[in-house]
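Quick notes on the structure that follows.
The values are calculated or read from the model by the stated rules, or taken from the named source; none is laboratory data. Since the structure is predicted, the reported quantities are computational estimates derived from the model, not experimental observations. Here the Cβ is made from the backbone with ideal geometry for all residues, glycine too, and neighbour counts use every protein chain on show. Protein only, heavy atoms only, side chains kept; ligands, DNA and RNA dropped before computing areas. Shrake-Rupley method; radii C 1.70, N 1.55, O 1.52, S 1.80 Å.
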Amino acid sequence: MSLNDPNWGRQGGNRGSGGNQGPPDLDELWRSFNRRLNDLFGRRGGGGERPPPSQPSGRMLGGGAGVLIALVLGVWLASGFYIVDAASRGVVLTFGRYAEETNPGLRWRLPYPLQSHELVNLASLRTLEVGYRNSVKTKVLKESLMLTDDENIVDLQFAVQYIVRDARDFLFNNKRPDESAMQAAESAMREIIGKSKMDAILYESREAIQLSGQQLMQQILDRYKTGITVSRITIQSAQPPEQVQAAFDDAVKAGQDRERQKNEGQAYARDVIPKASGTASRLTQEAEGYKQRVIANAEGEASRFRQVLAEYAKAPAVTRERIYIETMQQVLSSTSKIILDTKGSGNLLYLPLDKLMQQGGVASMSEAQQSQRAAPEPVLPADPGPRSRDTLRPRERGER
């Protein structure tokens, strides 16, 4: 039999005939249930006239009320079930007061109004935008304009990322925790900017300012027990106000020119000063060496003079002769003149040209050659015989 058959659910055949008994009629059951409810609460059904209802018995009244109460009680108790996901924590409240914190999973509490619950996400990274909304171009000047230590105004936009560390503190210690975190971030950054120079904020110390602001903001939030942990502060934009941007650019260019000239001067100084220091050190060492040399020579001359004086006291004549010979030797060794003693020489004079060239150079050699050409050749006798110095002297004198 199809479910769409209008006779489905009705009894087939006569009950007394012993035929198969089909399923009960649902429409009849529903009408019977409605009649019982009407009889229970003493209501009259709409429509035509009906016989006056009979008074419900105590058994019927108790049975219907029990079913209804059980149904309502079951629904009420089932309303206490709730689910906590893995990234969240559940906070159970008893008459609005904190009762317990529940972990992820299917949980049950007493139904409302005895208990209620709040779900707090502890894993999601939340973001606050200070000085702008959604885009850096959408500025909020009331939040972004800050005063620096050198009495300048900077337009600063930054973002704060944080997570919830403690669900109980986050819900109960502050009325609006997100707004409290916003105010703490703005206060912390204003304090850090108020202790910093304009150039450091714009060019030099952004990372240090972000770190200092994060630490100070965390201290403020911990002091108020907000249950929030600051993950990072990121400066999105830092620039002077638009009204003074042109003047500030000129000042920046002038500062850059100053730094460039300063760097050039320092480079020149680093190039010149080491050279001057090296030259001064070299001159000092040369002077010190000259000093030591002069002192050593003077001491040596003095010592030699004392030694000569001691020898002169022993033999004055010999010492004078030796000194004279040494002096003449020193004087004549530095001149290009050659002096010959013809009295003690033979007829043939030999000049050591190689020695003369080494000592006197080319000029000395030419003078020696001219002297040798100018000297007369000795006259030899036809009959060679024994010759003596005495026989040659008169002839040499006569030739002269």
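Our coupling estimate for the range 100-107, obtained by passing each phi through the Karplus curve with A = 6.51, B = -1.76, C = 1.60 and θ = phi - 60°, is 6, 10, 10, 8, x, x, 7, 10 Hz, Gly and Pro reported as x.
For the pair S303 and R31 in one chain, pulling the backbone fully straight at 0.36 nm per residue adds 82.7 nm over the alpha carbon distance. On the range 110-233, 49 percent of the accessible area sits on carbon and sulfur atoms, based on a 1.4 Å probe.
Between the DSSP loop rule and a limit of at most 15 other Cβ atoms within 10 Å, which GluC sites (Glu not before Pro) in the range 128-227 are left? Passing sites in the range 128-227 are E151.
Determine the gain in length on full extension of the stretch R293-R133; use 0.36 nm per residue of separation and subtract their C-alpha separation, reporting nm with one decimal. Show your work: numbers first, answer last.
Working: separation 160, 0.36 × 160 = 57.60 nm, distance 8.45 nm.
Length difference between fully extended and current span is 49.2 nm.
Applying 1/(1 + (r/R0)^6) with R0 = 51 Å to the Cβ-Cβ distance of R282 and E259 gives a FRET efficiency near 0.90.
Of the chymotrypsin sites (Phe, Trp or Tyr not before Pro) in the range 65-106, the ones in a loop by DSSP (not H, G, I, E or B) with at most 10 other beta carbons within 10 Å are F95. Surface analysis of the range 98-247 yields an accessible area of 56 Å² per residue, using protein heavy atoms and a 1.4 Å probe. Note on R126 and S336: the model spin-label points, each 7 Å out from Cα along the C-beta direction, lie 10.9 nm apart.
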